[in-house]
Amino acid sequence: MATLSQFDVLTLRRDFPILQQEVHGKPLAFLDSAASSQKPRRVIETLEDYYRRYNANVHRGVYRLSEEATFAYERARGKIARLINAPSQREVVFVRNTTEAINLVAYAWGGANIRAGDRILLTMMEHHSNIVPWQLLAQRTGAELVYLPFDGQGRLALDDLDRLLDERVKMVAFTHQSNVFGTINPVTTIVERARAVGARVLLDAAQSVPHMPVDVQALGVDFLAFSGHKMCGPTGIGVLWGRRELLNAMPPFLGGGSMIDLVELDHSTFAAAPARFEAGTPAIGEAIALGEAADYLREVGLATIHHHEQELTAYALTRLAEVPGLTVYGPPAGLDRGGAVSFTLAGVHPHDVAAILDQEGVAVRAGHHCTQPLHRVLGVPATTRASFYLYNLPEEIDRLVSGLHKARQIFA
Ligand code: PLP
């Protein structure tokens, strides 16, 4: 497998203008890509090029600019389909983000398929965006939510599937990679078990599509949700992929222009997917720039990026073990461990840790990372999280570690 040398990463870093700056007089070490990644110049330029040269609405005008915008928007859909190996680009729906993608499925698919007494199986490590939409659905329908726990190393307790997964479960929705533990969950195993009871599967791929090869056909899921801003693309654009027959059997989520076939005064008929789920003017420039981000990631190579992050993670786990009083959550380094590393430092509040690291130019995130149920199980209100991407270097982890020693000294 191709690996990224120090030289390769230094070269890649030149693609990201934001990384060239100093913060508090120190070079920026950006270790918060799990929250939102940085953007390479060509993505920024693609967005600007749309606004400068061919800004126009899509699917409406017959004039040159509108045709060019429509062509670029639909070509971006094709690039996303290639990125995740979707059988057809008509299965790729542009939404705002992962959160909207999951809400769309919970509302539209859930409204049509979930009844009182049905169950929706989630896990205890889900982001709030893969919990709250299902809670709202359960409240509307009388369905019940059940949660698969995780073990002491932040891995899903698969043995509990036997207890939780039966014919009452109609949907299994879970994260591909935990944004707190970094755990990469065994998707095909869970899909197989879900299929055996006739349940559908939604995979929250917010933390996987940006970081590793994701093939929807090989994974066998029914729906996949991810965000552009975490994968070198702009904010305001995300993707819902769904099997065509499921999408076309679902009622709309939002009503309005572009998603209809025919509008009468008292009723309407609806276009097929993806238009059915793209009511109103979409985020055109953002979608086109997301297509550019997908090309960029494919050119660097998602397997290469994944490998690089696993090396950084292994290095980080080794170095963090040297810091007295530090507890890291999640599995040890290994094939099922991605590049999000959350920890607590005894006697220092996670926000204070992050504030001290900021003074050192090291950007990390502190808080519950939108996973309150997970943190409740851990028994801590918050953690500090460092997360890695293609542009990070081992030296940045060294700076993280020295910042942590400094935090200890200050608060000791
Ligand atoms: N799911 C996971 C696992 C995430 O990490 C995130 C964002 O942190 C989300 C969902 C929500 O993504 P967005 O805020 O882009 O909708």
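With the requirement that a residue be within 16 Å of the ligand (Cβ to nearest atom), buried (at least 16 other Cβ atoms within 10 Å of the Cβ) and aliphatic (A, V, I, L, M), what does segment 121-156 give you? Hits for segment 121-156 are Leu122, Met124, Met125, Ile131, Val132, Leu148, Leu156.
Number of residues in segment 373-404 that are more than 23 Å from Thr318 (Cβ to Cβ) and part of a helix (DSSP H, G or I): the value is 5. For segment 174-183, filtered to residues that are over 12 Å from Gln153 (Cα atoms) and part of a strand (DSSP E or B), the residue that is farthest from the ligand (Cβ to nearest atom) is Phe174. Applying the condition of being surrounded by fewer than 22 Cβ atoms within 10 Å (Cβ to Cβ) and farther than 20 Å from Gln38 by Cβ to segment 379-393 and asking which residue is nearest to the ligand (Cβ to nearest atom) yields Ala382.
Taking the listed residues Ser387, Ser402, the one that is of a type in the set (Ser, Thr, Tyr) and free of Cβ contacts under 8 Å to residues at least 60 places away in the same chain is Ser402, with no other qualifying. The conditions of being within 11 Å of the ligand (Cβ to nearest atom), assigned to a loop (DSSP other than H, G, I, E, B) and out of contact with any Pro (no Cβ under 7 Å at 6 or more places or on another chain) are not met by Glu167. Within segment 224-266, being in a strand (DSSP E or B) and more than 13 Å from the ligand (Cβ to nearest atom) holds for Trp241, Gly242, Ile260, Asp261, Leu262, Val263.
The one condition from (1) under 24 Å from Gln153 (Cβ atoms); (2) in a helix (DSSP H, G or I) that Cys370 does not meet is (2).
Within segment 191-207, residues that are within 24 Å of Ser129 (Cα to Cα) and within 10 Å of the ligand (Cβ to nearest atom) reach partners that are of a type in the set (Asp, Glu) and modelled with pLDDT of 95 or more with beta carbons closer than 8 Å, at six or more positions or on different chains, in the pairs Asp204/Glu126.
Any idea which of (1) within 16 Å of the ligand (Cβ to nearest atom); (2) assigned to a loop (DSSP other than H, G, I, E, B); (3) surrounded by fewer than 21 Cβ atoms within 10 Å (Cβ to Cβ) is the one Ala116 doesn't satisfy? Here Ala116 clears every test but (1).
Against the numbered list (1) within 30 Å of Ala2 (Cβ to Cβ); (2) touching a residue at least 40 places away in the same chain (Cβ under 8 Å); (3) surrounded by fewer than 19 Cβ atoms within 10 Å (Cβ to Cβ), Arg337 comes up short only at (3).
Being on the phi < 0 side of the Ramachandran plot, among the acidic types (Asp, Glu) and in contact (Cβ under 8 Å) with a residue 24 or more places away in the chain, is that true of even one residue in segment 32-55?
Taking every residue of segment 32-55 in turn, at least one turns out to be on the phi < 0 side of the Ramachandran plot, among the acidic types (Asp, Glu) and in contact (Cβ under 8 Å) with a residue 24 or more places away in the chain.
Please go through segment 160-189 and pick out each residue that is over 19 Å from the mean Cα position of the chain (by Cα) and closer than 27 Å to Pro213 by Cα. Answer for segment 160-189, where residues must be over 19 Å from the mean Cα position of the chain (by Cα) and closer than 27 Å to Pro213 by Cα: Leu161, Met171, Thr189. Checking each residue in segment 199-258 for being surrounded by fewer than 24 Cβ atoms within 10 Å (Cβ to Cβ), out of contact with any strand residue (DSSP E or B) (no Cβ under 6 Å at 6 or more places or on another chain) and among the charged types (D, E, K, R) picks out Asp215, Arg243, Arg244, Glu245.
Scanning segment 85-113 for residues that are among the small types (Gly, Ala, Ser) and surrounded by 17 or more Cβ atoms within 10 Å (Cβ to Cβ) yields a total of 5. In the set (1) in a loop (DSSP other than H, G, I, E, B); (2) modelled with pLDDT of 95 or more, Asp352 fails one condition alone, (1). Among the candidates Arg82, Arg77, the residue that is touching a residue at least 60 places away in the same chain (Cβ under 8 Å), basic (Lys, Arg) and surrounded by fewer than 18 Cβ atoms within 10 Å (Cβ to Cβ) is uniquely Arg82.
The values are calculated or read from the model by the stated rules, or taken from the named source; none is laboratory data. Since we're looking at a predicted model, the values are computed, not measured. Cβ coordinates were reconstructed from backbone atoms using ideal geometry, including for glycine residues, and neighbour counts include every protein chain displayed.
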